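The values are calculated or read from the model by the stated rules, or taken from the named source; none is laboratory data. Not measured: the values here are computed from a predicted model. Please note: Cβ atoms are built from the backbone with ideal geometry, for glycine as well, and neighbour counts cover all protein chains shown.
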Amino acid sequence: MKQSPDPQWVSPLPAKPNWEQQQKRAKQLLRAYWKNEPDAVERIRALHPKAPTPAESKLLDAQLVIARGYGFASWAKLKLKIESLTQTPVEQFVAAVKRRDLAAARALLESHVAVRAQINAPLFSFDSMAVHAVADDLEFLAMLKEFGADLNSATQWKCGGFTLLDQAKPELLPQLLELGASLTVFAAARLNLVNELRAMLESDPALARARGGDGQTPLHVAASTEVIDLLVQYGADLDARDVDHTATPAQYLVGQPNLCRHLLSLGTTPDLFMAVMLNDVALAQRCIEQDPICLEHRIGLPPYANDEGGHIYIWQLKVAAPLELARRLKHKEVEAFLNAHSPESVVFLDALWRADEVTAKKLLTRAPESMRTLANGSRLMAEAAWECRLDSVKLMLDIGLDPHARGVHESTPLDRAAFHGYAEVVALLLERDPNPPLTARNEFGGQPLMTCNHGAQYGWETGKPRDHVAVTKLLLNAGAPLDPSWMPTGHEALDECYRKHWLAPH
């Protein structure tokens, strides 16, 4: 085993190195090695401490060879060196904060006036500052404060800024206050600090209607009925909608029944989803009497949609329709009431979602064109693919729904199923579609094959069978375009699929 790279293959790092270029070089080297190109084979055998065979080689192997070719022991050390040569001190500071490297961040603050000048600049996600990026790290916060960081700065997020205490863990409150963070009306409401909140409101009653993070009011984050009553006493708007999620305080607190009911008792405007969550038939009846159309409302579509962060119900309830929510919660009385009062259009969509073939086809025969148009416009097949509802997708295909109908993020059902790696759903969609949307791009520019890769690397467990390798094979076999320039991706199992497909004779 070699202890150091062969000097013949080592060259100095360019005076102006480019990290993106080095990433591309590693990918190019691995692709060439996969193809057994002589130069690539010779280079890897000379520089890799234990060269794998082409079939066994991974992206990490090529990256190591590139690094050792410049005299670095690892890819990570090459990256740090290039960043030190190409990034400004401020950019290096941002990187150090993101990786929680306190020593590096301190060194940059000590050495560069420009870094100290930007310590309160919105350099991080959602236009936040360094203190927000390390909000749960007391040692890091204390160090930043030494160099002038404002622990009470608010993020500059366009929908409304959060301060450190607005989102801090309750157990850290004493230490954060000791460090110098100031209590806000939002933090007091969220942490149920009733006495402190009362003092603030007595000093400035307008705080009851103040706007904070995401454009919320203090009522949106109220932690108790006592906090609610206090805010209302000083003029809080029961139906104020935040900016980012266009929702009222009661909609934000719908998962806390005692608080939601208390807001309703004070006169806030109810909605049918709220009635279902509370298992309140009388409230559901009231909502329907006031607005019969509410039975047809679906989360993600108007009026429960917006162009910013999506309505808060998207994140809290994670269902589309009131009837579906009642069923999921096993609120039998509300479910029966909604079933009895829902128009045929709602019953039809619900039957499709439940894969109730008899009911769906019965209603379809009465108005086939309008029912299909309704279902396609509801994004139902894309939602069913996202939820791995194989029988539902099959029924929708059986009755002639459009398998190209776009859902969330302008994604087709194929794209939605590919993200989670739902192989059975993908196989069904490919089997039943003579012209599957293999090149259709979602709003992020991704096609199903790359969406599958992204989901494999950055997705999450769903409690359902996920097999991104199987989906990759299905898509490739169906003719999904494979662009060699983005191989390898670093996901070893998928890269093996790509490698075999790319090298196979076609």
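Here are some notes:
- Test for D237: is it out of contact with any strand residue (DSSP E or B) (no Cβ under 8 Å at 6 or more places or on another chain) and surrounded by fewer than 15 Cβ atoms within 10 Å (Cβ to Cβ): no
- Filtering region 402-421 to residues that are assigned to a loop (DSSP other than H, G, I, E, B) and either without any contact (Cβ under 8 Å) to a residue 40 or more places away in the chain or closer than 12 Å to L475 by Cα (or both) leaves D402, P403, H404, A405, R406, G407, T412, G421.
Residue by residue, here is whether (1) part of a helix (DSSP H, G or I); (2) closer than 19 Å to A478 by Cβ; (3) of a type in the set (A, V, I, L, M) holds:
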{"residue": "L397", "(1), (2), (3)": "yes, yes, yes"}
{"residue": "A427", "(1), (2), (3)": "yes, yes, yes"}
{"residue": "R441", "(1), (2), (3)": "no, yes, no"}
{"residue": "Q457", "(1), (2), (3)": "yes, no, no"}
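- Matching option when the condition is of a type in the set (G, A, S), in a loop (DSSP other than H, G, I, E, B) and more than 28 Å from the chain's Cα centre (by Cα), among G160, G148: G148
- Of all the criteria given as (1) at pLDDT below 95; (2) within 18 Å of A76 (Cα to Cα), the one not satisfied by A26 is (1).
- Each residue in region 311-336 was checked for being of a type outside the set (D, E) and surrounded by fewer than 20 Cβ atoms within 10 Å (Cβ to Cβ), and 9 pass.
- Sole residue being out of contact with any strand residue (DSSP E or B) (no Cβ under 9 Å at 6 or more places or on another chain) and modelled with pLDDT under 95, chosen from L449, L374: L374
- Test for V358: is it aliphatic (A, V, I, L, M) and surrounded by fewer than 17 Cβ atoms within 10 Å (Cβ to Cβ): yes
- Residue in region 268-278 that is within 25 Å of D214 (Cα to Cα), modelled with pLDDT of 95 or more and among the hydroxyl-bearing types (S, T, Y) present: yes
- Helices (runs of 4 or more DSSP H) within region 191-289 that include 2 or more residues closer than 25 Å to E171 by Cα and within 28 Å of the chain's Cα centre (by Cα): 249-252, 257-265
- Count of region 459-506 residues which are in a loop (DSSP other than H, G, I, E, B) and on the phi < 0 side of the Ramachandran plot: 19
- If the condition is being in a loop (DSSP other than H, G, I, E, B) and over 22 Å from the mean Cα position of the chain (by Cα), then region 306-334 contributes K330, H331.
- Among the candidates K50, K79, residue that is out of contact with any helix residue (DSSP H, G or I) (no Cβ under 8 Å at 6 or more places or on another chain), in contact (Cβ under 8 Å) with a residue 12 or more places away in the chain and not assigned by TED's automatic domain parsing to the domain that holds Q118: K50
- The residues listed here are L438, L503, L476, L395; of these, the one that is surrounded by 13 or more Cβ atoms within 10 Å (Cβ to Cβ), modelled with pLDDT under 95 and among the aliphatic types (A, V, I, L, M) is L503.
- Hey, A456 modelled with pLDDT of 95 or more, out of contact with any Cys (no Cβ under 9 Å at 6 or more places or on another chain) and farther than 18 Å from G490 by Cα or not: no
- Some residue of region 56-66 being of a type in the set (S, T, Y), more than 30 Å from H132 (Cα to Cα) and touching a residue at least 12 places away in the same chain (Cβ under 8 Å): yes
- Taking the criterion of being surrounded by fewer than 18 Cβ atoms within 10 Å (Cβ to Cβ), in contact (Cβ under 8 Å) with a residue 40 or more places away in the chain and closer than 26 Å to A222 by Cβ, the only residue of region 260-301 that qualifies is N279.
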